[in-house]
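All remarks here apply to the structure that follows.
The values are calculated or read from the model by the stated rules, or taken from the named source; none is laboratory data. Keep in mind it's a predicted model, so treat the numbers as computed, not measured. Positions of Cβ are backbone-derived with ideal geometry, glycine not excepted, and every protein chain shown enters the neighbour counts.
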Amino acid sequence: NANQMWGGRFAAGPDAIMEAINASIGFDQRMAAQDIAGSRAHAAMLAATGIVSDKDAEAMREGLLTILSEIEEGKFVFSTALEDIHMNVEARLKDLIGDPAGRLHTGRSRNDQVATDFKLWTRDQMDAAIEGLQALMRALLEQAEQGADWVMPGFTHLQTAQPVTWGHHMMAYVEMLGRDLSRFRDARARMNESPLGAAALAGTSYPIDRDMTAQALGFDRPAANSLDAVSDRDFALEFLSCASICAMHLSRFAEELVIWSSAQFRFVTLSDRFSTGSSIMPQKKNPDAAELIRAKIGRIFGANVALMTVMKGLPLAYSKDMQEDKEQVFDAADNLMLALAAMTGMVSDMTANRPALEAAAAHGFSTATDLADWLVRVLDMPFREAHHVTGSLVAKAEAKGCDLPDLSLDEMQAVHSAITEDVFTVLGVHNSVASRTSYGGTAPVRVREQVGRWKEALA
Ligand code: ARG
């Protein structure tokens, strides 16, 4: 039997395979609340503009609320034959209130309807990402404040480079996540235009009030071009690209946590609450949450590429290809929120192993740059020559199997006769970090400044 929405033109119903490939209700039921909010706003507008009677609009709005509670209580029966959330809701409205339900779709199409629902859903996820990021940033700030003057090795090429502070390292992630936060905020501001009332693609001849529905749904204004309004999925792509960059940051940090929690590094101890054991090796405590966060970037970035690819060849306006937008965004959003929450939990719970960090900071000739700088400052040596002299001292220490501060003054003077006892004051890791007071540098005073600035920004 033919479809109840467009049965007029059809003699036969769809093949089972057609129904299977066409139906989106399996996933777009997640937009039920948004669909009902959009329809309620539309119904109120239809009455305010005199397109339908107040009585009919009231019946629609009441009926839609009933449907919302049926869905929330798990009593609603979703039907694949009804294809998607829009037609499932409308069909149920017909059961509930009869004929007035048939007037709801006046001056509207599923094309502007789905764009509206999906925008509302994505907008909520942007808000959730913003909140999740703020929570994680607060957890990092606490770590940074506590360890503002704890010394650890800073790396380049994962080789010991110069000592930095634990707080400085934590604050590096606060900066990255701060940019993620502002990216989500920018995207949210840009997307906040209402597609509702664009109708199928060309607008409508009914005297609708798009400002009214835009306002009711929390949009800043109606979208200015009806063709664009129903075809635009930039907002979903922006969500996915913001999410990809954010997940990339989480993944880098997760990688560090995996390395740092190993027996070889022992920089951090993850809590039992955020670790797992092994079924065979009794000693194991594995950083699974960090590993899974590191892996999530794969599916989030994949969603971004998938939707870009879906969209890239579509002629204006709506094509059914666009139905493939939702699962990508749903999956990416679910996994981003999970990754943010798991990272927040891990960071709040983890313990930095201060003695191990400090011991590691002193290994690997991490203060060689400080030594070269001393030669420049005290002996007025050109930096290139100081670099060379220091290199010889490092080679000497390496041959002896010791660190720079373990060389005797005699051994130093054998390399350069003008070196004095004073050089030993710059070879310690604490002096090293304390001296790096340039703006943005690793000195504890600078780190505390940045912690203060971000605390205020997040307050
Ligand atoms: N389920 C569809 C989607 O997700 C709704 C829009 C259908 N519009 C249409 N003209 N077939 O995109």
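Structure notes:
- Matching residues in the range 194-211 - criterion: being surrounded by fewer than 20 Cβ atoms within 10 Å (Cβ to Cβ) and more than 17 Å from R103 (Cα to Cα): L201, A202, G203, D211
This table checks each residue for (1) farther than 20 Å from A172 by Cβ; (2) modelled with pLDDT under 95; (3) of a type outside the set (K, R).
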position	(1), (2), (3)
F365	yes, yes, yes
A368	yes, yes, yes
H388	yes, no, yes
F424	yes, yes, yes
S432	no, yes, yes
P444	no, no, yes
R448	no, no, no
G452	no, no, yes
K455	no, no, no
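- Number of residues in the range 51-85 that are assigned to a helix (DSSP H, G or I) and away from the ligand (no atom under 16 Å from the Cβ) equals 19.
- Which listed residue is of a type in the set (F, W, Y) and under 15 Å from the mean Cα position of the chain (by Cα), from F330, F274: F330
- Single residue of the range 321-349 satisfying the filter (within 12 Å of the ligand (Cβ to nearest atom) and free of Cβ contacts under 8 Å to residues at least 60 places away in the same chain) that is surrounded by the most Cβ atoms within 10 Å (Cβ to Cβ): E324
- Conditions (1) within 16 Å of the ligand (Cβ to nearest atom); (2) outside any helix (DSSP H, G or I); (3) surrounded by 19 or more Cβ atoms within 10 Å (Cβ to Cβ); (4) of a type outside the set (D, E, K, R): number failed by L314: (3)
- Restricting the range 212-236 to residues that are polar (S, T, N, Q) and in a helix (DSSP H, G or I) leaves a set whose member that is surrounded by the fewest Cβ atoms within 10 Å (Cβ to Cβ) is Q215.
- Only one of the listed residues (A356, A332, A306, A341) is of a type in the set (A, V, I, L, M), at pLDDT 95 or above and closer than 22 Å to A32 by Cα. That residue is A332.
- Contact map, the range 280-298: residues that are farther than 16 Å from A263 by Cα paired with residues that are surrounded by 14 or more Cβ atoms within 10 Å (Cβ to Cβ) and aromatic (F, W, Y), Cβ distance under 7 Å, separation 6+ or inter-chain. Pairs shown: A289/F274.
- Test: residue in the range 25-48 that is in a loop (DSSP other than H, G, I, E, B) and either surrounded by 17 or more Cβ atoms within 10 Å (Cβ to Cβ) or not β-branched (V, I, T) (or both): no
- For the range 389-404, the criterion of being assigned to a helix (DSSP H, G or I), surrounded by fewer than 17 Cβ atoms within 10 Å (Cβ to Cβ) and either polar (S, T, N, Q) or within 16 Å of the ligand (Cβ to nearest atom) (or both) is met by at least one residue.
- The combined condition, being of a type in the set (D, E, K, R), under 13 Å from K119 (Cα atoms) and touching a residue at least 24 places away in the same chain (Cβ under 8 Å), is fulfilled by R233.
- Answer from S205, S231, S194 - the residue that is of a type in the set (S, T, Y), within 16 Å of the ligand (Cβ to nearest atom) and within 30 Å of M45 (Cα to Cα): S231
- Residue match in the range 178-201 (condition: out of contact with any Gly (no Cβ under 7 Å at 6 or more places or on another chain) and within 20 Å of E145 (Cα to Cα)): yes
- Residue check, R9 under 18 Å from M87 (Cβ atoms), within 16 Å of the ligand (Cβ to nearest atom) and modelled with pLDDT under 95: yes
- Residues that are under 46 Å from the mean Cα position of the chain (by Cα) and touching a residue at least 12 places away in the same chain (Cβ under 8 Å), drawn from the range 399-423: D403, L404, P405
- Matching option when the condition is under 30 Å from T344 (Cβ atoms) and hydrophobic (A, V, I, L, M, F, W, C), among A115, A101, A91, A129: A129
- If you go through the range 86-130 and keep only what is within 16 Å of the ligand (Cβ to nearest atom), in contact (Cβ under 8 Å) with a residue 60 or more places away in the chain and not in a helix (DSSP H, G or I), you end up with L104, G107, R108, S109.
- Flag for L371 being touching a strand residue (DSSP E or B) at 6+ places or on another chain (Cβ under 7 Å) and either of a type in the set (D, E, K, R) or within 21 Å of T165 (Cβ to Cβ) (or both): no
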